[in-house]
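First comes the structure, then the notes that go with it.
The values are calculated or read from the model by the stated rules, or taken from the named source; none is laboratory data. Quick caveat, the model's predicted, so the values are computed rather than measured. In this analysis, Cβ positions are derived from the backbone assuming ideal geometry, glycine residues included, and neighbour counts consider all displayed protein chains. For the accessible areas, the whole protein counts, side chains as well, though only heavy atoms, and no ligand, DNA or RNA atoms are used. Shrake-Rupley method; radii C 1.70, N 1.55, O 1.52, S 1.80 Å.
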Amino acid sequence: IHPSVCGFRVVKFRRTGESSRSDEDGISGEHEVQIEGVRTELEPVELGDGAAVPKEFANPTDDTFMVEDAVEAIGFGKFQWKLSVITGLAWANAMEMMILSILAPQLHCEWRLPSWKVALLTSVVFVGMMSSSTLWGNISDQYGRKTGLKISVLWTLYYGILSGFAPIYSWILVLRGLVGFGIGGVPQSVTLYAEFLPMKARAKCILLIEVFWALGTVFEVLLAVVVMPTLGWRWLLILSALPLLLFAGLCFWLPESARYDVLSGNQEKALATLKRIATENGAPMPLGKLVVSRQEDRGKMRDLFTPHFRWTTLLLWFIWFSNAFSYYGLVLLTTELFQAGDVCSISSRRQEVKAKCSLTCEYLTEEDYTDLLWTTLSEFPGVLVTLWIIDRIGRKKTMALSFLVFSFCSLLLFLCVGRNVLTVLLFIARAFISGGFQAAYVYTPEVYPTATRALGLGTCSGMARVGALITPFIAQVMLESSVYLTLLVYSGCCLLAALASCFLPIETKGRGLQESSHKEWGQEMVGRGSHSPGESQE
């Protein structure tokens, strides 16, 4: 019997914006309200604060749903745990970066290379990364996240192994440059990963796969301790590709991003992917038809500079530049400061070094490997601190705080502190600058819409490599002239980056991923009860 016959009308609830499960799974209740009056049509109204559709009903009243609704309804489960491990293996390409600090002194001695050729081995990797980051982002937006990630990882794996067979310097220079070209696409693993994560778990999960980066650097040092004295640097290069080899074997399991499939017009494939995730997680699928707001072009550079995203893009480019500039600068400064003992002794030491022949070489000792290991371990506290604060104070404030702490520690290095205090300051500085880097990896995929998410992350990663290319001229060349001016440059850059973080027009904490670039940010992404309409562009 139709409700209108009984003198009542049924008001149908339709959720708007971000679709989230209730904070308390036990919440249940009726979602139909009987109101006196005779009207036959169903009127969509918004649920009040805290009145989310319970999990067991799985969105029963909506006749349509978006990928965001499905991801939130299905939640975090077995599928995401598998995805974490596989994307983490790609992220462990940190081994290919850490090997630079081990390979350079070895080749310096074995092949009697002058200092500028040794430095070029490091620079060529960053040149490769810088030149390819935007390209890989464009490929991921045009042809799929899985496609871009697989090609870049297989590229890196192939040329990484081939580097171990380089007969002469020119060969290894070209091959390491090609390795860098492939590494430029590995950050797209974050794009793929983020698009399968529910809102509440996104920040924590992206930060936790950053642990694979730290694990990769630690594993590389431990591997070098075992391999270098016995098998040599060629086997170290080959064995360092092991995580990427494991990824290559497991990547057949990876699905394409459902958000990408929907945006590219492949709704059936996206629906099949969502059903697969729901089955693996043991969760119900939302009822109704899967829809997308509109079809649009993907991977277009001009979309990064629309009125909605122009300032966000420019500020993010500077933030990523500052992150890499300061992070790699600190890595280079650490070696110099440890060898000198303190800032006050470094000038006299540099004068002694100038008098030495550029071909003078020293193999890495066990003590050097120990120092490398302790330095890389500082990234784990950085992850923990960022993990604790990012959902409490927000992404923007987390990045700003990280830059401010790094800047403050840099200024404290002006004091003639002892070795122990110097170690503590460098440890804190590296922990926070690495934490700021990780916060940027959380914020960037969240702020851009699906059509330009991979390109946005790719261009930001490219700007980071520009910072990594420039920083040796500050941390090594300028250091010879003035250690205080060098520290002032890093401190000043991070102060400006902290301001840039505060001026970002969008805070993504507590919001879903934006699907369309043709709507105001936050128009349909703000969670119920989280923000008022006027706060969508804070």
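Taken over region 289-323, the residue count meeting the criterion of being at pLDDT below 90, touching a helix residue (DSSP H, G or I) at 6+ places or on another chain (Cβ under 6 Å), of a type in the set (A, V, I, L, M) and not in a loop (DSSP other than H, G, I, E, B) is 2. None of 379, 367 is within 18 Å of residue 433 (Cβ to Cβ) and either polar (S, T, N, Q) or modelled with pLDDT under 85 (or both) except 379.
In the set 483, 442, 489, 466, only one residue is surrounded by fewer than 24 Cβ atoms within 10 Å (Cβ to Cβ), over 16 Å from residue 324 (Cβ atoms) and of a type in the set (Val, Ile, Thr); that residue is 483.
A quick yes/no check of all residues on (1) surrounded by fewer than 19 Cβ atoms within 10 Å (Cβ to Cβ); (2) without any contact (Cβ under 8 Å) to a residue 40 or more places away in the chain; (3) over 19 Å from residue 217 (Cβ atoms):
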{"position": "378", "(1), (2), (3)": "no, no, no"}
{"position": "396", "(1), (2), (3)": "no, no, yes"}
{"position": "400", "(1), (2), (3)": "no, no, yes"}
{"position": "413", "(1), (2), (3)": "no, no, yes"}
{"position": "420", "(1), (2), (3)": "yes, yes, yes"}
{"position": "435", "(1), (2), (3)": "no, no, no"}
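Listed by position, the helices (runs of 4 or more DSSP H) contained in region 200-266 that have at least 1 residues being of a type in the set (Lys, Arg) and in contact (Cβ under 8 Å) with a residue 40 or more places away in the chain are 233-239, 258-263.
Determine which single condition residue 89 fails, assuming it passes every other condition in (1) modelled with pLDDT of 80 or more; (2) closer than 30 Å to residue 249 by Cβ; (3) out of contact with any Leu (no Cβ under 6 Å at 6 or more places or on another chain). Only one criterion is unmet by residue 89, namely (3). The condition (being out of contact with any Lys or Arg (no Cβ under 9 Å at 6 or more places or on another chain), touching a residue at least 40 places away in the same chain (Cβ under 8 Å) and surrounded by fewer than 24 Cβ atoms within 10 Å (Cβ to Cβ)) is satisfied by just one residue among 195, 110: 110. When we screen 231, 237 for residues that are surrounded by 16 or more Cβ atoms within 10 Å (Cβ to Cβ) and modelled with pLDDT of 85 or more, the only hit is 237. The one condition from (1) basic (Lys, Arg); (2) over 16 Å from residue 323 (Cα atoms); (3) in contact with a helix residue (DSSP H, G or I) (Cβ under 6 Å, 6 or more places away or on another chain) that residue 511 does not meet is (3). In this structure, residue 473 does satisfy being at pLDDT below 85, open to solvent by 10 Å² or more (accessible area, probe 1.4 Å) and within 30 Å of residue 132 (Cα to Cα). From the list 273, 279, the one residue that fits, being surrounded by 17 or more Cβ atoms within 10 Å (Cβ to Cβ) and without any contact (Cβ under 8 Å) to a residue 60 or more places away in the chain, is 273. Pairs are defined by a Cβ separation below 8 Å, a sequence spacing of at least 6 or placement on different chains, a first member in region 163-174 that is in the same structural domain as residue 232 (by the TED database), and a second member that is open to solvent by 30 Å² or more (accessible area, probe 1.4 Å) and in a loop (DSSP other than H, G, I, E, B); the pairs so defined are 169/111.
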